[in-house]
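Undergrad: Mind having a look at this structure? Questions to follow.
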Amino acid sequence: MTINQQGRIVIHNSVLPALDALTEEERQSVLKTINSLEISPIQQLIKSQNIAKLKADEELYVIRVNPSLRIIFRMTSPDKIEILDIFMKERIEFLFDNSPKIIL
């Protein structure tokens, strides 16, 4: 796991390959978004509609990076955030779209 300088945000090692696959511009956007979690109260970000709580057994949240990129994270304590995944919105739409898919 990677921990930021203040120790508030933990990024799982499994997220690092996704960061490497991004363009430099996308990577900077992701890091800027993660930094916003560091400096802004989560409740304030939820009210701004940049974060949504996922319907799951555990407390998972998704934050919008840009029109395509999303980050999934959880609060492990009031002052700790754990980054779990970075993904493309289109991937989720593809996986959960109910229309038939033809894969060649």
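The values are calculated or read from the model by the stated rules, or taken from the named source; none is laboratory data. All of these numbers come straight from a predicted model, not from anything done at the bench. Counting neighbours? That spans all protein chains shown, and the Cβs are built from the backbone with ideal geometry, glycine included.
Undergrad: Name every residue in segment 52-74 that is over 21 Å from Gly7 (Cβ atoms), among the charged types (D, E, K, R) and in contact with a strand residue (DSSP E or B) (Cβ under 9 Å, 6 or more places away or on another chain), in order of residue number.
TA: Result: Lys53, Glu58, Arg64, Arg70.
Undergrad: For segment 63-80, give me each residue that is in contact with a helix residue (DSSP H, G or I) (Cβ under 9 Å, 6 or more places away or on another chain) and closer than 22 Å to Ala21 by Cβ.
TA: Matches in segment 63-80: Ile63, Arg64, Val65, Asn66, Pro67, Ser68, Leu69, Arg70, Ile71, Phe73.
Undergrad: Restricting segment 76-104 to residues that are of a type in the set (S, T, N, Q) and part of a strand (DSSP E or B), which is modelled with the lowest pLDDT?
TA: Ser77
Undergrad: Now, a different point. For Ser77, only one of the following conditions fails: (1) hydroxyl-bearing (Ser, Thr, Tyr); (2) in contact with a strand residue (DSSP E or B) (Cβ under 6 Å, 6 or more places away or on another chain); (3) surrounded by fewer than 15 Cβ atoms within 10 Å (Cβ to Cβ); (4) free of Cβ contacts under 8 Å to residues at least 40 places away in the same chain. What is its number?
TA: Just one mismatch for Ser77, condition (2).
Undergrad: Anything in segment 1-38 that is exposed (fewer than 14 other Cβ atoms within 10 Å of the Cβ), modelled with pLDDT under 85 and over 17 Å from Tyr61 (Cα atoms)? List them, or say none.
TA: Met1, Thr2, Ile3, Gln5, Gln6, Gly7
Undergrad: Something else about it: Could you give me the residue pairs with C-beta distances under 6 Å whose first residue belongs to segment 6-18 and is among the small types (Gly, Ala, Ser), whose second residue is surrounded by 12 or more Cβ atoms within 10 Å (Cβ to Cβ) and at pLDDT 90 or above wherever it lies, and which are 6+ apart or on separate chains?
TA: Ala18/Ile86
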